Amino acid sequence: MSAIRLLVGTRKGAFILTSDGRRKNWAVSGPHFGGWEIYHLKGSPADPNRIYASQSSGWFGQVIQRSNDGGKTWAPVGNKFVYDGVPGTHQWYDGTQHPWEFKRVWHLEPSMTDPDTVFAGVEDAALFRSTDGGQTWQPGAGGMCLHTILLDPTDPARIFVAISAAGAFRSDDAGQTWRPINHGLRSDYIPDPTAEVGHCVHRIAMHPSRPRVLFMQKHWDVMRSDDAGDSWHEVSGNLPTDFGFPIEVHAHEPETIYVVPIKSDSEHYPPDGKLRVYRSRAGGNEWEALTKGLPQSDCYVNVLRDAMAVDLLDPCGVYFGTTGGQVYASCDAGDNWSPIVRDLPAVVSVEAQTLP
Amino acid sequence: MIRVVLPVHLRTLAQIDGELTLKVGSPVTQRSILDALEAAYPMLRGTLRDQVTLRRRPFVRFFACGQDLAHDPPDTPLPAAIATGAEPFLIVGAIAGG
């Protein structure tokens, strides 16, 4: 029987949750790297036991950890992230120019084919790539974070990334050159609401069978592109609020997508104290609230951008973690939910591995 | 031998218990201790000082013989008690964040 391994990053360590394919009984391993912020962990599609983890601390900076045995043991690898050339400056909060500087790794995206190749999206926004299992990092592009990295499974040269307060970008030459892909986005909170860049994209998602179809949760608005990001249109439809962070696609239904509406950008919690996942089976616009098993009163947690994932089983499992330390699981595509754990540190990221 | 005490998170990262000892050539300075420390424990690179500029990280402090040495130039010779191993070189994470 197949098994599921969830890789959970939290503010105070990493946790690994495992279950057999029934997804009813879960074992909890951790905390790994206790006391450190674990922004993200992700396993290699080519070798699921190869897992990379971003470990960071306001005191001691960035460490990258690697496991070759599915998270049982770990070893630190390279953590030297140096921007290419002179990275220039940007205006800081006090109006002065401040140099771009590396702060932390937000997202690790292993190659689909090579366990030793992994991309890192970092703050201040840049993309790094390692081809030696994380030992050394080469800059690939450069107060923002590069938080989303999507690799096109049909075209190794095509990469999509998203950057907070900047937007979505695409490379068609394996990261050598990039162009903004934000046509159709509208952000009324920036000086030019339809500017080429400056949009606060929170996450983008794709189904591997249709890499030209992208779904986006923006700061406000849920958006869709059918042309690899060349143009976007809004699909917020009947959502109670279109602010939120994660967006995810069903493993077997490319038109089924999930978001977690959050009340507003100044109140990072669900509307009406009700934690609801919204599912659209039409690729957007028509949404249904999924509430069974989720708290429907007095709930004021947030769900962060990398804290939702799906597995590959049938029916599709959907998982998300909250800033209140709960990790919820649905083994029927979102119809019913139950907590795997309730009291972890604030959850930053959740990734699901489907193991043979 | 130089005695060095690391903060708990870095002891975990370096997989050591208690204080560690290092062989450091003369003169014994902050820089020579950190160079020897990072050579012996490469996983600590970048956690105490920037890997390019070699500047101390903001929330990392160095103490020895009852003195805060964090603002001293990195090549200033440290007190003799450090060089002889009578006193440890303390690397401390600043108390910050409430």
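The values are calculated or read from the model by the stated rules, or taken from the named source; none is laboratory data. Just so we're clear, the structure is a prediction, and the values are computed from it rather than from any experiment. In this analysis, Cβ positions are derived from the backbone assuming ideal geometry, glycine residues included, and neighbour counts consider all displayed protein chains.
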Can you spot a residue in segment B:26-39 that is surrounded by 16 or more Cβ atoms within 10 Å (Cβ to Cβ), away from every other protein chain (no Cβ under 14 Å), out of contact with any His (no Cβ under 6 Å at 6 or more places or on another chain) and among the hydroxyl-bearing types (Ser, Thr, Tyr)?
-> yes
What single numbered condition from (1) crowded, with 16+ Cβ neighbours inside 10 Å; (2) at the interface with chain A (Cβ under 10 Å from one of its Cβ atoms) fails to hold for residue B:52?
-> (1)
Output the residue which, of all residues in segment A:284-311 that are more than 20 Å from residue A:352 (Cα to Cα) and among the β-branched types (Val, Ile, Thr), is surrounded by the fewest Cβ atoms within 10 Å (Cβ to Cβ).
-> A:291
So which residues in segment A:239-256 are out of contact with any helix residue (DSSP H, G or I) (no Cβ under 8 Å at 6 or more places or on another chain) and over 11 Å from residue A:222 (Cα atoms)?
-> A:248, A:249, A:250, A:251, A:252, A:253, A:254, A:255, A:256
Could you check residue A:13 against (1) touching a strand residue (DSSP E or B) at 6+ places or on another chain (Cβ under 6 Å); (2) surrounded by fewer than 17 Cβ atoms within 10 Å (Cβ to Cβ) and say which number it fails?
-> (2)
Quick check: anything in segment A:79-91 small (Gly, Ala, Ser) and within 14 Å of chain B (Cβ to nearest Cβ)?
-> yes
Looking at segment A:1-69, what strands (runs of 3 or more DSSP E) fall wholly within it and have at least 2 residues that are more than 14 Å from chain B (Cβ to nearest Cβ)?
-> A:3-10, A:13-20, A:27-32, A:37-43, A:51-57
Any residue in segment B:60-74 that is within 14 Å of chain A (Cβ to nearest Cβ), assigned to a loop (DSSP other than H, G, I, E, B) and crowded, with 18+ Cβ neighbours inside 10 Å?
-> no
Kindly check whether there is at least one residue in segment A:118-130 that is within 14 Å of chain B (Cβ to nearest Cβ), in a loop (DSSP other than H, G, I, E, B) and either hydrophobic (A, V, I, L, M, F, W, C) or farther than 23 Å from residue A:156 by Cβ (or both).
-> no
Counting only strands (runs of 3 or more DSSP E) entirely within segment A:192-297, those with at least 1 residues that are over 21 Å from the mean Cα position of the chain (by Cα) are A:288-290
Looking at segment A:162-180, is at least one residue among the β-branched types (Val, Ile, Thr) and modelled with pLDDT of 95 or more?
-> no
Yes/no for residue A:105 being aliphatic (A, V, I, L, M), surrounded by 20 or more Cβ atoms within 10 Å (Cβ to Cβ), within 14 Å of chain B (Cβ to nearest Cβ) and on the phi < 0 side of the Ramachandran plot = yes
Verdict on residue A:75 being closer than 20 Å to residue A:339 by Cα, surrounded by fewer than 17 Cβ atoms within 10 Å (Cβ to Cβ) and either of a type outside the set (D, E, K, R) or out of contact with any Leu (no Cβ under 9 Å at 6 or more places or on another chain) (or both) | no
Filter segment B:5-19 down to the residues that are closer than 14 Å to residue B:43 by Cα and assigned to a helix (DSSP H, G or I), then identify the one that is farthest from the other protein chains (Cβ to nearest Cβ).
-> B:11
